[in-house]
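The values are calculated or read from the model by the stated rules, or taken from the named source; none is laboratory data. The structure displayed is predicted, hence computed values, not measured ones. In this analysis, Cβ positions are derived from the backbone assuming ideal geometry, glycine residues included, and neighbour counts consider all displayed protein chains.
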């Protein structure tokens, strides 16, 4: 842990391992208690819901710390370990669901933790009906975000790596550059391996809002009322070239 992380780290999760289920529960409380961060997640959920054509049978991966159900009350919430309020305990690479049983699979900050995304993409294609969606908001690579993720973030960020990551744990295993690797750097390979998945849209977003929110592991910097002004300034300045995240929308043909 860096000196900065030690000084600014959120006291609720200090001393807990990231893979400890208690950390996920406390992060849920942190998001609810930090109005600026909660507004950020609300925007993420609104953006995800906005691109879903059908909202009947939707599976969310990595639901433990979030609150998507407030936007999609019928969503099937899931986690990789027992978590209060979560309906399904399952690995993204081995979903206990029938073929063509879902209209969509959605996630925020999850894809870059999946140890074998090739296997997951095949499994998602099995479970989603034709015309269904796979929608995620994930870290994205730009010159600015690479510097931030490399110097100010605890998770690995390795743009030169392959598709698989070390399976050290459900959250400690990660490569923040993985979404960019699969859907941008290796797009031709992705399209060859998974022709059934069509990339409808990749929208880079948020150059500095998440950084100002201090995320789920750091103390809060800004009050909730500042969220809208900050986002307005960010959009006016142009957020795509320095984006830290991207909204990624795939459709099953």
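Could you list all residues from region 69-81 that are without any contact (Cβ under 8 Å) to a residue 60 or more places away in the chain, within 19 Å of residue 109 (Cα to Cα) and out of contact with any helix residue (DSSP H, G or I) (no Cβ under 8 Å at 6 or more places or on another chain)? Selection gives 69, 76, 78.
Table: residues versus (1) buried (at least 23 other Cβ atoms within 10 Å of the Cβ); (2) more than 22 Å from residue 64 (Cβ to Cβ).
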{"position": "106", "(1), (2)": "yes, no"}
{"position": "112", "(1), (2)": "yes, no"}
{"position": "125", "(1), (2)": "no, yes"}
{"position": "140", "(1), (2)": "yes, yes"}
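Exactly one residue among 88, 152, 95, 121 is over 14 Å from the mean Cα position of the chain (by Cα) and at pLDDT below 95, and that residue is 152. Given the condition in contact with a helix residue (DSSP H, G or I) (Cβ under 7 Å, 6 or more places away or on another chain) and farther than 20 Å from residue 21 by Cα, answer yes or no: does some residue in region 82-89 qualify? Looking through region 82-89, none of the residues is in contact with a helix residue (DSSP H, G or I) (Cβ under 7 Å, 6 or more places away or on another chain) and farther than 20 Å from residue 21 by Cα. Tallying residues that are touching a residue at least 60 places away in the same chain (Cβ under 8 Å) and in contact with a strand residue (DSSP E or B) (Cβ under 6 Å, 6 or more places away or on another chain) within region 14-56 yields 6.
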